[in-house]
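The values are calculated or read from the model by the stated rules, or taken from the named source; none is laboratory data. Predicted model only: the values in this text are computed from it and were never measured. Cβ coordinates were reconstructed from backbone atoms using ideal geometry, including for glycine residues, and neighbour counts include every protein chain displayed.
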Amino acid sequence: MKIEKENIYHIYNQGNNRQQIFFSREHYLLFLKLYRKQIAEQCETLCYCLMPNHFHFLVYATDKSIVEMKLGVITIQKLSDGFRRLLSTYAHEINSLRGTAGSLFRQKTQAKLIGSGISTTTISYAEQCFYYIHQNPVSAGLAAKNCDWEFSSAQDFSGIRNGTLCNQQLAFQLFGWESDDLSFLNRSYIVDKEIETSFFEFKSPSDQGQTE
């Protein structure tokens, strides 16, 4: 997909054969550290959630996102190349730490265009995606509330943690929220089936079979 500036994208990938990609707290933190290095300057991050075998990011494309560069014989945009380097570097680090080898992620990271912001008639598609991303740990039975899960931006938006990865001000602006109304974090509704797919079903390590 060709990224276009001033649009919101849902970017996601999962472990190859749905295997785990994070095996300890340190691995989640490593991934976020690499994200800051490889991605953070290429876009505005609106929210994120890291799950044991997949990840979600909601990003707003900027001028930096769409800069084109040569990679061998192909042309690739900066944001796409950033995710390529992020996953490659992380996989290399994890294989080195665990003494494993081979592919960790699915071959293609998905970048789904989901709109440009607030809808004046109904809840926007992008806003639904924001809710869906933060509800992942609850849906998977990993947390009682989305704010209980350490590895997502829900704790930042709720004020539990003073995180700086997400541009919260831009998120409030795009979705038309009031900064003193945090009820949006726990809203419950039927998520569009195009967002909520079986692709993201979490399977415990014992259910996944081989994970190397």
- Looking at (1) out of contact with any Phe, Trp or Tyr (no Cβ under 7 Å at 6 or more places or on another chain); (2) outside any loop (DSSP other than H, G, I, E, B); (3) at pLDDT below 90, find the lone condition where I114 falls short. (1)
- Filter the range 12-38 for residues that are buried (at least 22 other Cβ atoms within 10 Å of the Cβ) and aliphatic (A, V, I, L, M) and give the result. I21
- Query: If S65 satisfies every condition in (1) buried (at least 22 other Cβ atoms within 10 Å of the Cβ); (2) hydroxyl-bearing (S, T, Y); (3) over 20 Å from the mean Cα position of the chain (by Cα) but one, which is the exception?
  - Reply: (3)
- Note on the structure: Scanning the range 32-49 for residues that are in a helix (DSSP H, G or I) and farther than 16 Å from D81 by Cα, the one nearest to the chain's Cα centre (by Cα) turns out to be L32
- Task: Collect the residues in the range 132-171 that are closer than 11 Å to M51 by Cβ, at pLDDT 95 or above and surrounded by fewer than 18 Cβ atoms within 10 Å (Cβ to Cβ), keeping them in residue-number order.
- Result: L142
- Message: Exactly one condition in (1) over 21 Å from N136 (Cα atoms); (2) touching a residue at least 24 places away in the same chain (Cβ under 8 Å) is false for L50; which is it?
- Response: (1)
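What about V59, is it in contact with a helix residue (DSSP H, G or I) (Cβ under 9 Å, 6 or more places away or on another chain) and either modelled with pLDDT under 95 or crowded, with 17+ Cβ neighbours inside 10 Å (or both)? Quick ask: steps written out before the conclusion?
Working: in contact with a helix residue (DSSP H, G or I) (Cβ under 9 Å, 6 or more places away or on another chain): yes; either modelled with pLDDT under 95 or crowded, with 17+ Cβ neighbours inside 10 Å (or both): yes.
So V59 fits the description; yes.
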- Item | Boolean, K64 is part of a loop (DSSP other than H, G, I, E, B) and free of Cβ contacts under 8 Å to residues at least 60 places away in the same chain | yes
- Message: Would you confirm whether or not the range 84-92 contains a residue that is surrounded by 14 or more Cβ atoms within 10 Å (Cβ to Cβ), assigned to a strand (DSSP E or B) and in contact (Cβ under 8 Å) with a residue 40 or more places away in the chain?
- Response: no
- Note on the structure: Counting only residues that are of a type in the set (A, V, I, L, M, F, W, C) and more than 30 Å from T62 (Cβ to Cβ), the range 1-25 contains a total of 1
